[in-house]
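**Student:** Following this message is one structure expressed as structure tokens.
The values are calculated or read from the model by the stated rules, or taken from the named source; none is laboratory data. Quick caveat: nothing in here was measured; it's all calculated off a predicted structure. Neighbour counts are summed over all protein chains in view; Cβ atoms, including those assigned to glycine, are modelled from backbone coordinates with ideal geometry.
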């Protein structure tokens, strides 16, 4: 929750700064920094479920990687066909490349990870790796 709360606080701070500058007679600058949207992680016991809000992406261009406990989501928001000569006061549509790295609470079984992308929401189910339990080994005789 700390990460999401921090993002909301940063958004609030940005709005307050823009309001301050508008009060001084400055126009708000456009912000073209790509953002990857809201991410939620749910522990379902035997797996994690990650939901990422990523509107406007081409599903074939979403890159998902898992290594140990780390999930990496990457992609590129398409550049909209908007004339650059327009006199914009603010542009908030995400564009450009993004990458998010999430450290999960347990190792992931990368072979069983499943992902789907529908209506701008990426859902990734990441089964947890089997615990390192002692295994009895049968001894064969010749």
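**Student:** Against the definition (at pLDDT 70 or above and under 17 Å from the mean Cα position of the chain (by Cα)), how does residue 70 come out, yes or no?
**Tutor:** Considered against the rule, which asks whether it is at pLDDT 70 or above and under 17 Å from the mean Cα position of the chain (by Cα), residue 70 comes out as yes.
**Student:** Go through the stretch 102-139 and report how many residues are outside any loop (DSSP other than H, G, I, E, B) and modelled with pLDDT under 90.
**Tutor:** 0
**Student:** Restricting to the stretch 41-62, count the residues that are under 11 Å from the mean Cα position of the chain (by Cα) and either loosely packed, with under 12 Cβ neighbours inside 10 Å or part of a helix (DSSP H, G or I) (or both).
**Tutor:** Residues flagged as under 11 Å from the mean Cα position of the chain (by Cα) and either loosely packed, with under 12 Cβ neighbours inside 10 Å or part of a helix (DSSP H, G or I) (or both) within the stretch 41-62 amount to 0.
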